[in-house]
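The values are calculated or read from the model by the stated rules, or taken from the named source; none is laboratory data. If you're wondering where the values come from, they're calculated on a predicted model, not measured in any experiment. Note that we place each Cβ from the backbone using ideal geometry, even for glycine, and neighbour counts take in every protein chain shown. These accessible areas exclude ligands, DNA and RNA; they are computed on the full protein's heavy atoms, side chains included. Shrake-Rupley method; radii C 1.70, N 1.55, O 1.52, S 1.80 Å.
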Amino acid sequence: MNLKSLLWSVLVSILAVVSAQYEPVDYMKREHSLVKPYGSGMNVPYWDYMGHTMITNNYVRLTPDAQSKSGSLWNQVPCMTKNWEMQVSFKVHGHGKDLFGDGMAVWYAQDRMIPGPVFGSKDYFSGLVLILDTYSNHNGPHNHQHPYLSAMVNNGSLHYDHDRDGTHTQLAGCETKFRNVEYETIITVRYQDDVLTVLTDLENKREWKECFSVKGILLPTGYYFGVSATTGDLSDNHDIISLRFYELDLVTDPQVSLERRKIVPQALTFEPPRERSEDKKSSGMSNVKIFFLILFGMIVAVAAAIGGIMFYQKHKENSKKRFY
């Protein structure tokens, strides 16, 4: 082999390693996956759905582009794999140009098929949720734009605060411009060796871009995968194209799976819920109260000035009378 051929072989090997770093190393497991064709009639093997979810030949629509709708799709089989990867192919689209919402969520949770306020599923959950928040007219100042992708780990004691977009309790996040594109968009949720990594393919280039990676995430086995979505005064179509689950463990140890069922979900590097500076109660008064207080002060000052002038004039008149 000449030098040119050797260099080419080395280059190809390096490119193969780089391109494979975000590819699943094992096989797709059918019992945790959703691919076309979805099933016969209204039955979807291994999956249950509820709310306004609608099954079609080409997608599973969690919500239509209409107000006050919610829907969810949940796997029937608990995941007993320690290390795994879930690829979610989806489309979010609607008629709204500037205002739209609310968004969707990808779940790995203990409880399934329970409707609630967190994008169609329950609050105070136990497990992991990936939030794809599209509601752009949010409350409170933030340093990111919408749509926004973030993660939250919960042991059942934390509240997801919609008014602050969950920023009190999120692990990490990134801006994700997935709405109203012509093609399907993909996010990959990888959990391996207690590291949570989220990747995106938002430009239909089949190239993964890392959104975030967080170490020290403890998740038990035996939880369920699900997706949910909701609309409010604003709306969108939230469509799931496919869910592809990959087992990353080369050798599965049943004993390890059973022991990890006892783990309480937690993030070792997670800061406790905190009060944001703009949420702190101020000892001052509102602007309206301050305005009326200033107005009252001005009236009192004017009245005092008039009273002082009248007193001075009266005193001056009395002084003149004493001279006559």
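Quick look at the numbers
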read-out: Region 183-253, accessible surface, carbon-and-sulfur percent (1.4 angstrom probe); value: 43
read-out: For region 170-238: rounded, prolate or oblate by the Cα gyration tensor [a/c cutoff 1.5]; value: oblate
read-out: Residue 294 - accessible surface, heavy atoms, 1.4 Å probe, Å² rounded to 10; value: 100
read-out: Probe 1.4 Å - accessible area at residue 108, Å² to nearest ten; value: 0
read-out: Filtered trypsin sites (Lys or Arg not before Pro), region 57-164: DSSP coil and at most 11 other beta carbons within 10 Å; value: 97
read-out: Qualifying GluC sites (Glu not before Pro) in region 155-250, DSSP loop, other Cβ atoms within 10 Å at most 14; value: 182, 203, 207
read-out: Anisotropy class of region 38-146 from Cα gyration tensor, a/c 1.5 cut; value: oblate
read-out: Accessible solvent surface per residue of region 23-104, calculated while the other protein chains remain in place, 1.4 angstrom probe, Å²; value: 46
read-out: Accessible area of region 29-75 belonging to carbon and sulfur atoms, whole % at 1.4 Å probe; value: 48
read-out: Net lengthening on full extension, residue 181/residue 209 (0.36 nm per residue, minus Cα-Cα); value: 8.3 nm
read-out: Solvent exposure of region 172-227 as accessible area per residue, Å², 1.4 Å probe; value: 42
read-out: Cleavage-rule hits (chymotrypsin sites (Phe, Trp or Tyr not before Pro)) in region 155-253: DSSP loop, at most 14 neighbouring Cβ within 10 angstrom; value: 183
read-out: Pairs beyond 20 Å (Cα-Cα), from 97/177; 91/177; 97/209; 36/69; 82/262; value: 97/209; 36/69
